[in-house]
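Just so you know, all these numbers are worked out from the coordinates, no wet-lab data involved. Given the structure is predicted, the values throughout are model-derived calculations rather than measurements. Ideal geometry is used to build each Cβ from the backbone, glycine not excepted, and the neighbour counts take in all protein chains shown.
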Amino acid sequence: MARAIIIYESKYGNTRLVAETIAEGIRQASGVEAEVRELKEVNPEGLTEFDAIVIGSPNHMGNATRSIRTFIDKLGKIKLRGKLAAVFDTCIDRDLEKAVKKMEKQVGEKAPSLSLAAPGLSVRVEGMKGPIAEGELPRCQDFGIKIGNRLKV
Ligand SMILES: Cc1cc2nc3c(=O)[nH]c(=O)nc-3n(C[C@H](O)[C@H](O)[C@H](O)COP(=O)(O)O)c2cc1C
């Protein structure tokens with residue numbers, strides 16, 4: 001059975017909810033398992049067990065969090081050839097896609113053996129603490145479905 005891991009950081013819970021919703025979408029593809037893990041619980045060496053690695057971060061000052069950036073930097077040291085990757089962020093309107101584009105670029109530079117399963121997803125929150133803006137969660141589910149379909153056996 002194909003396996004995906006969704007790794008996230010979240011200060012106020014919005015990025016965690018996005019991660020869980022993406023996982024639901026992935027699970028809709030038959031034969032695909034999805035686990036959601038907070039970054040601090042993840043051992044990078046263990047990632048070799050997964051077929052897809054999905055990474056999400058809140059936008060902090062126009063970028064992914066420092067810990068997420070450090071984590072992406074480390075991916076280059078792990079054997080990930082043939083695996084899929086995808087990234088997502090949560091942000092306020094004006095910075096839509098800003099962090100996710102940087103994450104995509106960083107994954108491409110640091111872990112070029114990963115292939116992107118789908119273009120990065122940027123999810124709007126209504127303020128610093130959320131909530132997630134209306135209509136955004138169905139997009140998260142669709143993003144998961146897209147990744148799940150790429151993994152389907
Ligand atoms: C220290 C900090 C800096 C932030 N900087 C930005 C920013 O530059 N642009 C933006 O759109 N949102 C910014 N935000 C808002 C976050 O994107 C928002 O709090 C986050 O999406 C909520 O996700 P979370 O509940 O998973 O923490 C910032 C939030 C914090 C805490």
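Within the range 69-100, can you find the residues that are of a type in the set (G, A, S) and in a loop (DSSP other than H, G, I, E, B)?
Those that are of a type in the set (G, A, S) and in a loop (DSSP other than H, G, I, E, B): G76, G82.
Looking at the structure I just gave you, is I5 touching a residue at least 60 places away in the same chain (Cβ under 8 Å), of a type outside the set (G, A, S) and crowded, with 18+ Cβ neighbours inside 10 Å?
For I5, the condition - touching a residue at least 60 places away in the same chain (Cβ under 8 Å), of a type outside the set (G, A, S) and crowded, with 18+ Cβ neighbours inside 10 Å - is not met.
Restricting attention to the range 34-58, which residues are surrounded by 17 or more Cβ atoms within 10 Å (Cβ to Cβ) and in contact with a Lys or Arg (Cβ under 7 Å, 6 or more places away or on another chain)?
Correct list: A34, F50, D51, A52, I53, P58.
Residues of the range 12-41 being within 16 Å of the ligand (Cβ to nearest atom) and closer than 27 Å to G76 by Cβ, which ones?
Hits for the range 12-41 are T15, R16, V18, A19, I22, A23, V36, R37, E38, L39, K40, E41.
Scan K83, K74, K40, K79 and give me the residue that is over 22 Å from E109 (Cβ atoms) and without any contact (Cβ under 8 Å) to a residue 40 or more places away in the chain.
K40
What number of residues within the range 113-132 are aliphatic (A, V, I, L, M) and surrounded by fewer than 17 Cβ atoms within 10 Å (Cβ to Cβ)?
2
Could you tell me whether the range 44-58 includes any residue that is away from the ligand (no atom under 11 Å from the Cβ), within 21 Å of E24 (Cα to Cα) and in a helix (DSSP H, G or I)?
Yes: the range 44-58 contains one or more residues that are away from the ligand (no atom under 11 Å from the Cβ), within 21 Å of E24 (Cα to Cα) and in a helix (DSSP H, G or I).
Give K105, K83, K79 a once-over and let me know the one that is away from the ligand (no atom under 16 Å from the Cβ), more than 19 Å from N14 (Cβ to Cβ), of a type in the set (D, E, K, R) and surrounded by 16 or more Cβ atoms within 10 Å (Cβ to Cβ).
Checking each option against the conditions leaves just K83.
Among the numbered conditions (1) in contact with a strand residue (DSSP E or B) (Cβ under 7 Å, 6 or more places away or on another chain); (2) part of a helix (DSSP H, G or I); (3) crowded, with 22+ Cβ neighbours inside 10 Å, tell me where T21 comes up short.
Only one criterion is unmet by T21, namely (1).
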